[in-house]
1. Taking the options LEU279, LEU235, name whichever one is closer than 21 Å to ASP318 by Cα, touching a Ser or Thr at 6+ places or on another chain (Cβ under 7 Å), within 16 Å of ligand 2 (Cβ to nearest atom) and not hydroxyl-bearing (Ser, Thr, Tyr).
2. Which of the residues spanning region 292-309 are loosely packed, with under 15 Cβ neighbours inside 10 Å and assigned to a loop (DSSP other than H, G, I, E, B)?
3. Mind listing whichever residues of region 54-89 are more than 16 Å from ligand 2 (Cβ to nearest atom), under 23 Å from SER31 (Cβ atoms), not charged (D, E, K, R) and not in a loop (DSSP other than H, G, I, E, B)?
4. Mind checking which pairs have a first residue in region 141-154 that is within 15 Å of LYS191 (Cα to Cα) and a second that is among the β-branched types (Val, Ile, Thr), Cβ under 6 Å, 6 or more apart or different chains?
5. Which residue, of VAL17, VAL25, is surrounded by 20 or more Cβ atoms within 10 Å (Cβ to Cβ), more than 13 Å from ligand 1 (Cβ to nearest atom), farther than 21 Å from ARG211 by Cα and at pLDDT below 95?
6. Listed residues LEU193, LEU208, LEU215; which is assigned to a helix (DSSP H, G or I), within 16 Å of ligand 2 (Cβ to nearest atom) and within 24 Å of the chain's Cα centre (by Cα)?
7. Is it the case that ALA312 is under 25 Å from the mean Cα position of the chain (by Cα) and under 30 Å from ARG417 (Cα atoms)?
Amino acid sequence: MTTEPLKVTTEGDLLGVAGHNSGTVNITYISQRLSDTEIHTRKLIERSPYLGLSKFETKDSSKFFGRDTWISELTDYFKQNNVLLLLGASGSGKSSLIRAGLIPALENQPGYEQLVNLTFVPDANPFQSFHSSLLTKYKQSEAKLAQAVKEDTLVKVVQSLKWDSQWLIFVDQFEELFTTTPKKERDFFIKSLIQLIEKSDTSVKIILTMRADFLDKLSPYPKLGKIHDSYSRMLTDMDDNDLRLAIAEPAASNGVTFEQGLIYQIISDFRKRAGSLPLLQYTLNELWKKDNIQDRVLNIKTYQDLGGVTGALQKQADKIYADFNEQEKKAAQNIFIALIGLERKEAVSKRADITAFEKEETQKKVLYQLIDSRLLVSKREDGKATTEVAHEELLRSWKVLQNLIRDKEEIIVLGNRVSADAKQWDELRKKNPQKANNELWIGSKLGRIVELEQEESLSNLDDVTKEFIKVIPILYEAAYNRENKLDKLK
Ligand SMILES: Nc1ncnc2c1ncn2[C@@H]1O[C@H](COP(=O)(O)OP(=O)(O)OP(=O)(O)O)[C@@H](O)[C@H]1O
Ligand SMILES: [Mg+2]
């Protein structure tokens with residue numbers, strides 16, 4: 001157990017490091033230490049302390065609760081280790097724990113005062129993504145080195161830039177290496193990462209978070225498999241006490257409490273609904289927005305009017321969708337189709353370039369409405385604006401998307417495959433056009449994709465994919481004729 005410095009807030013409350021209770025000092029939280037009446041005498045902050053559908057970032061550490069034991073154990077873990085592979089179910093809170101819990105806690109540890117936080121998601125080119133994360137601290141000319149798709153890149157970047165600082169390299173959503181990154185970049189990045197890990201430099205801490213259902217993807221990489229064997233931890237569910245803190249503490253710090261029995265009801269609904277943390281966070285935010293905060297109590301009646309935990313999310317999504325006219329609904333569907341992938345029949349969220357949806361006016365308008373109402377999120381990554389479904393829970397619990405996935409399954413699957421193959425074809429043809437053409441699709445799959453393209457069922461394809469589809473029949477025909485001629489000459 002560790003004894004860590006305490007923070008005393010302006011309200012005079014004792015908080016653990018980054019708001020968590022850690023070590024041998026028994027800190028009690030506002031919601032546990034004060035009575036409701038006492039909490040009501042605090043300064044009232046009307047702005048919601050819940051994140052809704054947004055993700056926890058490091059700046060949100062003061063709103064992050066319920067993971068004390070994990071933060072404390074992982075802080076200790078990094079005294080002995082340099083690498084962590086954090087596994088867990090989708091939406092179990094891996095990214096949040098690292099971003100809003102562990103990183104702020106580490107920054108408060110002796111020796112980590114100058115911690116350089118290099119957080120990124122792999123995306124199509126993990127070297128490029130790493131490079132972007134370096135730009136928060138280093139100049140373009142210094143960071144350039146990180147762009148080389150080579151085995152020794154990471155080691156070289158550390159050697160030339162780190163000096164005597166302490167680095168934290170956090171590759172969040174490590175599974176993107178297997179869903180979004182092409183094989184070449186993936187292989188080099190994994191090799192590069194292994195090389196760096198093998199250096200065992202105690203001033204470079206490395207954290208990877210990955211959905212546990214991607215574990216079998218490590219099989220072709222034996223050294224990564226070994227890292228998993230030695231350095232992985234499985235993030236487990238929050239218990240009722242953790243949940244109580246995550247629910248009550250943000251409100252209490254704003255001077256607000258819950259009506260007697262409401263926290264219990266929310267926890268029990270949460271348990272029945274397969275424990276989705278994103279939904280819980282969304283519901284709490286909705287509850288806050290709907291209730292009269294001036295009276296400082298969040299009410300059971302407001303919660304029931306929202307339809308409980310799942311009701312809140314669906315209601316919001318339904319309302320936005322119902323306000324669209326037919327043309328807008330179609331545009332929204334086309335956007336969602338481009339943002340959904342299917343893996344082993346499970347719908348997963350996919351990121352796409354925003355520009356793909358900005359070409360047509362209605363679609364552009366609908367896109368921004370979806371972003372404003374938080375059904376989609378937009379980000380800037382690697383100098384490009386991207387968008388994705390705000391939370392995967394929407395794919396699982398919103399009827400409109402469930403129906404869409406059911407009706408358009410073939411289009412989603414083929415659309416995903418054709419754009420992935422087109423990307424590969426595009427890269428290959430730059431080096432070896434003949435080999436690239438051999439990669440072209442043939443047979444019934446080709447016929448169907450051309451058919452779908454012609455009836456405009458495949459909207460929002462990127463330019464390379466459009467070209468790929470256009471060029472396949474032409475080249476295929478040419479190859480067929482050539483072979484026929486050769487046969488005749490024989
Ligand atoms: N300690 C917490 N207290 C309250 N809500 C939380 C907590 N941790 C996570 N959440 C909620 O759950 C959502 C999902 O968390 P997060 O994105 O960290 O999960 P994840 O395991 O990284 O998911 P994915 O598998 O999609 O990467 C967050 O956006 C937040 O709304
Ligand atoms: Mg995550």
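1. Values: LEU235 fails: closer than 21 Å to ASP318 by Cα.
From the options LEU279, LEU235, the qualifying one is LEU279.
2. Passing the criteria: ASN292, GLY307.
3. SER61, SER62, THR69, ILE71, SER72
4. Between residues of region 141-154 that are within 15 Å of LYS191 (Cα to Cα) and residues that are among the β-branched types (Val, Ile, Thr), the close pairs are ALA146/VAL157.
5. Numbers: VAL25 fails: surrounded by 20 or more Cβ atoms within 10 Å (Cβ to Cβ).
Among VAL17, VAL25, only VAL17 is surrounded by 20 or more Cβ atoms within 10 Å (Cβ to Cβ), more than 13 Å from ligand 1 (Cβ to nearest atom), farther than 21 Å from ARG211 by Cα and at pLDDT below 95.
6. Details: LEU193 fails: within 16 Å of ligand 2 (Cβ to nearest atom); LEU208 fails: assigned to a helix (DSSP H, G or I).
Criteria check complete, one pass: LEU215.
7. Values: under 25 Å from the mean Cα position of the chain (by Cα): yes; under 30 Å from ARG417 (Cα atoms): no.
No: the conditions fail for ALA312.
Condition check ((1) farther than 24 Å from ILE71 by Cβ; (2) crowded, with 19+ Cβ neighbours inside 10 Å; (3) not assigned by TED's automatic domain parsing to the domain that holds VAL204) across all residues:
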position: GLY101; (1), (2), (3): no, yes, no
position: ASP123; (1), (2), (3): yes, yes, no
position: SER129; (1), (2), (3): yes, yes, no
position: ALA143; (1), (2), (3): yes, yes, no
position: ASP152; (1), (2), (3): yes, no, no
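The values are calculated or read from the model by the stated rules, or taken from the named source; none is laboratory data. Here the structure is a predicted model, which is why all the values come from computation and not from measurement. A quick note on method: Cβ atoms are made from the backbone with ideal geometry, for glycine too, and the neighbour counts reach across all protein chains shown.
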